[in-house]
1. Name the residue that is nearest to the chain's Cα centre (by Cα), counting only residues in the range 331-352 that are surrounded by 20 or more Cβ atoms within 10 Å (Cβ to Cβ) and not in a helix (DSSP H, G or I).
2. From (1) assigned by TED's automatic domain parsing to the domain that holds residue 378; (2) out of contact with any strand residue (DSSP E or B) (no Cβ under 8 Å at 6 or more places or on another chain), pick out the condition that doesn't hold for residue 152.
3. If only one of 160, 125 is in contact with a helix residue (DSSP H, G or I) (Cβ under 7 Å, 6 or more places away or on another chain), buried (at least 17 other Cβ atoms within 10 Å of the Cβ) and over 16 Å from residue 368 (Cα atoms), which one is it?
4. Counting only residues that are part of a loop (DSSP other than H, G, I, E, B) and out of contact with any helix residue (DSSP H, G or I) (no Cβ under 7 Å at 6 or more places or on another chain), how many does the range 44-62 have?
5. Taking the options 87, 43, name whichever one is under 21 Å from residue 337 (Cβ atoms), surrounded by fewer than 20 Cβ atoms within 10 Å (Cβ to Cβ), modelled with pLDDT of 95 or more and under 22 Å from the mean Cα position of the chain (by Cα).
6. Quick check on the range 119-131. Is at least one of its residues assigned to a strand (DSSP E or B), in contact (Cβ under 8 Å) with a residue 24 or more places away in the chain and more than 30 Å from residue 249 (Cα to Cα)?
7. Kindly indicate whether any position in the range 22-43 is under 29 Å from residue 409 (Cβ atoms) and part of a strand (DSSP E or B).
């Protein structure tokens, strides 16, 4: 048996921690095959195969949208999502045919029946081999009803990116939730701390934000309080003034991470809506030469805060390794979105190990919107991990037994330690 296959047989059964997903409280399972297919990865692939966005979005139900999307699904063969959905269909639902318009009803009948069974969510997690699932929860959503295996996580984009998320809308939501008027930046920061406190009480161990590649902490001459008031009054704010407010907000978050013992999860490199008119189905990526430099000063100033980084571009993976190598309070985590493909994962796994060793990194997260997606996402990563580790065994970096232990640390032990789940 090939070395990588021997490793796969030992790595595939290992449990993991999914430290970043979009799985919502109360709707953790897809519940239907239609919802499982109508995923923004599949939607983007189908549009590339010729599907009209307007025809798709005009359909009133998920079932109708899925029937349109599945007509284009065979044309997406070769993509990670196409392969992954077939793996889910077989591994979770026992469906061994190709997914086509002709087989769609048969698959839906099998899948929908399986997903309606009592205890289905726990069964999926056992098959996923996932012990904890981290959400990315809106600051203003109620957190009641979370499952014991669900780890809430405060998503901070609405607080940290007032140019992407209109400040008056965030302030209005904060006032409605707290019943207190937000008269200025100080009140806004008090409200932010209130969200930290609430999430901490609900068991949160981390906060998360997705930042564009040109995110800057270089403050301008205008005070953050003045910029805050201008935004609330609907006035135009130049980029250097906006940067001053963002810097104040970002450093306030770091103070709160220190105070409440939270890990800061940073997702770097996304550019929103590069294709206009298709909402989140048109997000892309870019590089900026100053992206990593931005975090040198915060990493130096907050050695007691753990910065957990992931990047969207393959081209940025090497710089991320160098950043993490130089700061003991930084780790790199997972293969996110456009990097979450097996060929890229195999390359990056080996590079990270060669530069960093095993300790300052976490294995893989699913970035999933429903539990069933975790099945193929973790299996694809584990296969890539097995191949990367096999090549390193062959190149005398470590033994086969040591490779198995490296995998165990990446998948489970490291995220448990980094996020303090053992405390």
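1. 336
2. (2)
3. Result: 160 is the single residue among 160, 125 that is in contact with a helix residue (DSSP H, G or I) (Cβ under 7 Å, 6 or more places away or on another chain), buried (at least 17 other Cβ atoms within 10 Å of the Cβ) and over 16 Å from residue 368 (Cα atoms).
4. Residues flagged as part of a loop (DSSP other than H, G, I, E, B) and out of contact with any helix residue (DSSP H, G or I) (no Cβ under 7 Å at 6 or more places or on another chain) within the range 44-62 amount to 4.
5. Working: 43 fails: surrounded by fewer than 20 Cβ atoms within 10 Å (Cβ to Cβ).
Selected residue: 87, the only one of 87, 43 that is under 21 Å from residue 337 (Cβ atoms), surrounded by fewer than 20 Cβ atoms within 10 Å (Cβ to Cβ), modelled with pLDDT of 95 or more and under 22 Å from the mean Cα position of the chain (by Cα).
6. There is at least one residue in the range 119-131 that is assigned to a strand (DSSP E or B), in contact (Cβ under 8 Å) with a residue 24 or more places away in the chain and more than 30 Å from residue 249 (Cα to Cα).
7. no
Every residue, every condition in (1) within 24 Å of the chain's Cα centre (by Cα); (2) under 30 Å from residue 404 (Cβ atoms), yes or no:
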residue	(1), (2)
2	no, yes
25	yes, no
37	yes, no
58	no, no
61	no, no
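The values are calculated or read from the model by the stated rules, or taken from the named source; none is laboratory data. These numbers were taken from a predicted model, which means no experiment stands behind them. Because the Cβ atoms are built from the backbone with ideal geometry, glycine has one as well, and the counts that use them run over all protein chains shown.
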